[in-house]
Amino acid sequence: PPQQRVRALGVVASADGKYFYYARRTGNFSYNTTFPIWQVVRRDRVTGDEDVITSAPGSAFRPVISPDGSKLVFGTRQDTETGLRVRDLATGEEKWLKYGVQRDDQESAATRDVLPGFSFTPDSKDIIISYGGKIHRLQVSTGEASDIPFTAHVSQDLGPELKFASRVEEGPVKARLIQTPSASPDGKQLVFSSLTHLYKADAGGKATRLTSSNAREFQPAWSPLAKSAIRRNC
């Protein structure tokens, strides 16, 4: 069988410098994919050995290691929501840190990673992350979230205004499109549908309605004797 393509994203180094952690995906991009497709891998920097350290049903991606080397936080999906899980690297114990953050990008090619970046504070006690249009601080021990308020002074040039005054005609409606035109066998007349009704026109002449019905009429066809047109009502 052809060799599967392997992709790796979001590499971070362990606090002691012995390992790299990253999200790895095997296989090519496809629509309507079945999860999991990403898992977090640990790679020994000396030997090159790799160990898959997660088995998340909704994939595992965007790993972050705490500065003290004790915690691993990664993104995953459950049902329709993307959340963060935290793992104690010494005991292997794992739990939800925050369920419901920024939507992940697993269904796409994920050219800029599967989830926007986030990071630990230097004391390893909190995660700084943005979602819902705000910046948040997540307490790792409890999962409690608090907003980090900020203001920014922005000077941004705008393009030309694309709003123009336009006069709407109030007179008779002028048809600009005809449907399924059909020429008579002798080529002297044309029947067609326009604005849901049938019309007939001599070559180069003015069109007139064929019927006075309120039914919607389409796809006219000529009889073999070319004396009348047959209509289809819808």
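With θ set to phi - 60°, apply the Karplus curve 6.51 cos²θ - 1.76 cosθ + 1.60 along region 57-68 and write out the HN-Hα couplings as whole Hz, x wherever there is a Gly or Pro.
x, x, 6, 9, 7, 6, x, 9, 9, 5, x, 7
Springs between alpha-carbon pairs under 10 angstrom, Gaussian network model over the chain: which of V41, V101, V173 fluctuates most?
Checking each option, the largest mean-square fluctuation is seen for V173.
For a quick check: with amide H placed at 1.01 Å from N, whose amide H comes under 5 Å from W222's, ignoring anything fewer than 5 positions away on the same chain?
I230
Could you let me know the centre-to-centre spacing of region 1-70 and region 165-207, using Cα atoms, in angstrom?
Value for the Cα centre distance between the two parts: 64 Å.
May I ask you to list the lysines whose Cα is less than 21 Å away from that of K125, ignoring any residue fewer than eight positions away on the same chain?
K71, K95, K98, K134
Which lysines have a Cα less than 21 Å from the Cα of K188, not counting those fewer than 8 places away in the same chain?
K200, K206, K227
For the chain, max minus min Cα coordinate along each principal axis, in Å, sorted largest first?
Extents along the principal axes, in whole Å: 93, 57, 30.
Can you list which of the GluC sites (Glu not before Pro) found in region 130-234 are DSSP loop residues with at most 14 other C-beta atoms within 10 Å?
Sites meeting the loop and neighbour criteria: E144, E161, E169, E170.
Every read-out reported here was derived from the displayed coordinates using simple, explicitly stated rules and does not represent laboratory data. Quick caveat, the model's predicted, so the values are computed rather than measured. Heads up, the Cβs are rebuilt from the backbone with ideal geometry, glycines too, and the neighbour counts pull from every protein chain shown.
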